[in-house]
1. Counting only helical runs of four or more DSSP H residues, what would the 222 nm mean residue ellipticity of the chain come to if each run contributes -39,500 (n - 2.57) and the total is spread over all its residues?
2. How long is the gain from VAL69 to MET1 if the chain were fully straight, where each residue apart is worth 0.36 nm and the alpha carbon distance is subtracted?
3. Let me check I have the definition right: for region 43-106, take the eigenvalues of the Cα gyration tensor, multiply each by 5, take square roots. What are those semi-axes in whole Å, largest first?
4. Going highest first, how would you order 83-94, 26-37 by mean Cβ packing within 10 Å?
5. Within the set of other residues whose C-beta is less than 15 Å from the C-beta of LYS84, count the net charge using Lys and Arg as +1 and Asp and Glu as -1.
6. If r is the Cβ-Cβ distance from ARG19 to ASN44 and R0 is 30 Å, what FRET efficiency results, to the nearest 0.05?
7. Which whole-Hz ³J(HN,Hα) couplings does region 54-60 yield from phi under the Karplus relation 6.51 cos²θ - 1.76 cosθ + 1.60, θ = phi - 60°, glycine and proline marked x?
8. In degrees from 0 to 90, rounded to the nearest 10, what is the angle of the helix 5-41 Cα long axis to the longest principal axis of the chain?
Amino acid sequence: MNLSQAQGSKIEKINDDFRKNALKKYNDIKAARTDINDSLKRDNPDFSEIRSKIRRITDIQLQVKLATVDAYEKAYDVLNKNQKVKLSSLLAQFQQLNSQNTPQTTEE
């Protein structure tokens, strides 16, 4: 995409920051799942606590998805007009390839 060194550095930092944050979030999800499993093993599970942990996991997953969009937006803003056009073209090609490799489901 013919990125300048400055653009590459900015995008790399955006990516690094996103990955660090996402890793922390995934570790939080893992901990919450462990808590749920531990709670279910008790003689008298606290189902309210389990529901709360499930809501927490869902919230964290949403945070990661939104952070993904935010990181994409930040990286997109680093690009010039021609690079944005090229990126759109590459994404369209990727989506087309991905849809060709995805098994089709049929409704019965």
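1. For the chain, the value works out to -30000 deg cm²/dmol.
2. 22.5 nm
3. 38, 21, 5
4. The packing order, highest mean first, is 26-37, 83-94.
5. Taking every Cβ under 15 Å from that of LYS84, the sum is +2.
6. Between ARG19 and ASN44 the formula returns 0.15.
7. Result, ordered by residue: 5, 4, 5, 4, 4, 5, 5 Hz.
8. The two axes meet at around 10 degrees.
Read-outs: derived from the displayed coordinates by stated rules, not from any lab. In this text the structure is predicted, and so the values were computed from the model without any measurement. Positions of Cβ are backbone-derived with ideal geometry, glycine not excepted, and every protein chain shown enters the neighbour counts.
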